[in-house]
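Engineer: Handing you this structure, nothing more for now.
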Amino acid sequence: MKGVIIREIELLNYRLFRKAIIIFHASGKQNISVMQGLAGYGKSNLFNAINWCFFNTEPHLKKDSKRLPICNTGILKGMKTGASVETKVSILLETESGEKKIERTIMTHKTAHGENSTTSSTLSVMERIGREWKIAAYPEYTISRIVPEGMRHFFFIDGEMLRQMFENISPDKIKTAIFDLSQVTLLQRAIDHLDSFIGIIRREGGSGGDSNLQQAADALELVEKRIKELQEKINSEEEEIKKARANVKKLDEQIADVDVPALQRFEDQRKSTDAAIVDNENSLQENKQELRDLLFEGAPVVLLEDAITQTLSILNALEKQNKLPPDYQATFIKKLIDHGECICTANLKDPKNKSKLERLKKLLKECDDPGFLGQAADLLYKISPLCRQSEKAMEKIKVLENRVSERDIKLIELKKTLKEIETKIGAIDVKKVKLIQEQREQYRSVIDQCDAKIGSQKAEIDKALFQKNEIEKQYRRLLDKQKRLKVIADKITACKDAQACLKLIMLKLMDEIRLEAEKNTRKYFAHLISGKKFSPPQIDKTYNLIVEKDGYNAVTSLSAAETLCMGYSFMAALRETSGFQAPIVIDTPLAKISKEYRKNVAAWMKEALKEAQIILLVSDVEYTDEFKKAIDPIVADEMMLKCCEKGNYSEVVKYAK
């Protein structure tokens, strides 16, 4: 086992701990120390204590914890007015250059009003040289040599946070990790410092009294300020895009099990079916009312249909026997007699046509006094239309009855279809899904708007860069006109050459580390996900993390266990590439890790982290017999966090191996 080893952690009045000293015996192949405890017994407090001691930060605090004092509340409760108490976390390290002790303390004072007043934390680092201990002049620098703060999350790891980070991993996060790993911060600072120095040199050139030169220098300063402001706006828009994309992902997770397109189709079908039911019900009511009206109007004819039919049959028989007089009007016959000419043009005054005249007179008499047969004839001509009316009414009634029957059948089918659709939709909260979809569209709109703004701002930067280039040319020409300013011109040229060289070194260094990190990530991920077929992970030149499966990038579609395994692979790759040999502390190391991968994680720890000290902060659910058996050969310590009887502080109990 190489590198830095935590030998002892002392906690004094820190949150759940009153006084605890934890000693670690990691050595050789036995490089793992296991700290087991139930939820709320201090695992996360211990993780925070290590981070607080090194970097004055507590990354794993719940919202409620942030309102609690850092000093143990039981101690504070027993304090008298005017008293003070020390809170301390001290970590003893064994390094290749000797022992070092990192200590961070704060003081809490109880005021006369009974309130707690806390001082700022104080950091000190002591280094053992021979038998003597000396205080390090620059404690932050000493710590950065062990593990840089920008890389702490690759050594002091919260398993759940690591999994969540890789669920929505972005090129920026990958690039930042590689940026931190490559330690190019100093190069970037040098580049930025050269920018400031060039500005100083330009002002020096303008101080000689040349107003044109001063104006050019001022113009350059303004355009550079404009470029910087635009870049800050772009960074701000990109942050908004990140937040919006994260929110979209969260919304997608809420409806991950819902087939939204299918649900939308079902919802559209339900709407159209509901509308069809309403239309059919309205049409059915109209048809029924029309049928009632028709039955009411044609009721007499319909009800007397049999009697009318029988009467018409008798009258038709009489007519065939020529027993019924024709249906002539009396006034018409009288006109013929008075006129003396028949409709057949016969002259009724001619004695030859006397029989015809007598026939007309007889008909006239029958019209004036029709008798039974005359009435029957009249009835025949009146009843025939009624019979036809009855037939038409019956035809209409039949049509409407068929229509009503069809509507009834259609309604039954539509209601059955509606029930089937509602069954398919099931217990899905459609309103909630709709609301999520609307919110999702709003976030997508934010992303589109920010993208549009970024495009516009980048165009503005291009324009500003062109202006800067033109002004620099003008500035250079003005410098060249005066020999005394040649030195200034040479200084500016030297600064720009140095900047270009530093940028090239920085890009080359980051690219080399990118490729090295890609290679190591592939190696570890392949061992952790041994049962699945994924293409080897890639980190492309734009820092996209790609895990190809069936032609798609599956990196954000991995299961919870696979996502955490990807995080572990990337973490181990960066650790190996960086060369830093700091101890590794993992809180909830098996969060969401299924049974099939636990053996792989144990094997990964044995292989990928065999040179490092590992402190595991586990729950009883994580530390199963199977996992315990898998790592037992390399476990140096097993400890249990227990809560005291009064429940206001935790204790550490060590188990013998």
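Engineer: What number of residues in region 142-188 are at pLDDT 80 or above, hydroxyl-bearing (Ser, Thr, Tyr) and within 26 Å of the chain's Cα centre (by Cα)?
Structural biologist: Here the count works out to 0.
Engineer: Can you pull out the residues in region 237-260 that are of a type in the set (Val, Ile, Thr), under 14 Å from Val430 (Cα atoms) and either in contact with a Cys (Cβ under 8 Å, 6 or more places away or on another chain) or not in a loop (DSSP other than H, G, I, E, B) (or both)? Quick ask: steps written out before the conclusion?
Structural biologist: Going through region 237-260, the residues of a type in the set (Val, Ile, Thr) turn out to be 241, 248, 255, 258, 260.
Now drop any that are not under 14 Å from Val430 (Cα atoms), which leaves 255, 258, 260.
Once the filter is applied, which keeps residues that are of a type in the set (Val, Ile, Thr), under 14 Å from Val430 (Cα atoms) and either in contact with a Cys (Cβ under 8 Å, 6 or more places away or on another chain) or not in a loop (DSSP other than H, G, I, E, B) (or both), region 237-260 yields only Val260.
Engineer: Considering only residues that are surrounded by 13 or more Cβ atoms within 10 Å (Cβ to Cβ) and part of a helix (DSSP H, G or I), which ones fall in region 421-434?
Structural biologist: If the condition is that a residue be surrounded by 13 or more Cβ atoms within 10 Å (Cβ to Cβ) and part of a helix (DSSP H, G or I), then Ile421, Lys424, Ile425, Val430, Val433, Lys434 are the ones that fit.
Engineer: Restricting to region 37-60, name every residue that is farther than 17 Å from Thr73 by Cα, out of contact with any helix residue (DSSP H, G or I) (no Cβ under 8 Å at 6 or more places or on another chain) and surrounded by fewer than 21 Cβ atoms within 10 Å (Cβ to Cβ).
Structural biologist: Leu38, Ala39, Asn56
Engineer: Which one of these does Gln231 not meet: (1) surrounded by fewer than 16 Cβ atoms within 10 Å (Cβ to Cβ); (2) within 15 Å of Gln439 (Cβ to Cβ)?
Structural biologist: (2)
Engineer: If we only count helices (runs of 4 or more DSSP H) wholly inside region 60-155, which ones have 3 or more residues that are farther than 30 Å from Ile178 by Cα and not hydroxyl-bearing (Ser, Thr, Tyr)?
Structural biologist: 63-66, 73-78
Engineer: Continuing with the same structure: Taking only region 601-620 into account, find how many residues are surrounded by fewer than 19 Cβ atoms within 10 Å (Cβ to Cβ) and in contact with a Ser or Thr (Cβ under 6 Å, 6 or more places away or on another chain).
Structural biologist: Total satisfying the criteria: 0.
Engineer: Of the residues that make up region 11-19, is at least one without any contact (Cβ under 8 Å) to a residue 24 or more places away in the chain and touching a strand residue (DSSP E or B) at 6+ places or on another chain (Cβ under 6 Å)?
Structural biologist: Checking region 11-19: at least one residue is without any contact (Cβ under 8 Å) to a residue 24 or more places away in the chain and touching a strand residue (DSSP E or B) at 6+ places or on another chain (Cβ under 6 Å).
Engineer: Here is a follow-up. Within region 141-149, is there a residue that is small (Gly, Ala, Ser) and touching a strand residue (DSSP E or B) at 6+ places or on another chain (Cβ under 8 Å)?
Structural biologist: no
Engineer: Could I ask something else about it? In region 429-477, how many are among the aliphatic types (A, V, I, L, M) and not assigned by TED's automatic domain parsing to the domain that holds Gln214?
Structural biologist: The number of residues fulfilling the criteria is 4.
Engineer: In the set Arg270, Arg292, which member is surrounded by 12 or more Cβ atoms within 10 Å (Cβ to Cβ), of a type in the set (D, E, K, R) and at pLDDT below 85?
Structural biologist: The conditions single out Arg270.
Engineer: Could you grab me the full set of residues in region 578-624 that are among the β-branched types (Val, Ile, Thr) and on the phi < 0 side of the Ramachandran plot? Break it down into steps so the answer makes sense when it comes.
Structural biologist: Start the filter on region 578-624 by keeping residues that are among the β-branched types (Val, Ile, Thr), which leaves 584-586, 588, 593, 601, 614-615, 618, 621, 624.
Correct list: Ile584, Val585, Ile586, Ile593, Val601, Ile614, Ile615, Val618, Val621, Thr624.
The values are calculated or read from the model by the stated rules, or taken from the named source; none is laboratory data. Just so it is clear, the structure is predicted and the values come from calculations on it, not from any experiment. Methodologically, a virtual Cβ is constructed for each residue, glycine included, from the backbone with ideal geometry; neighbour enumeration extends over all protein chains shown.
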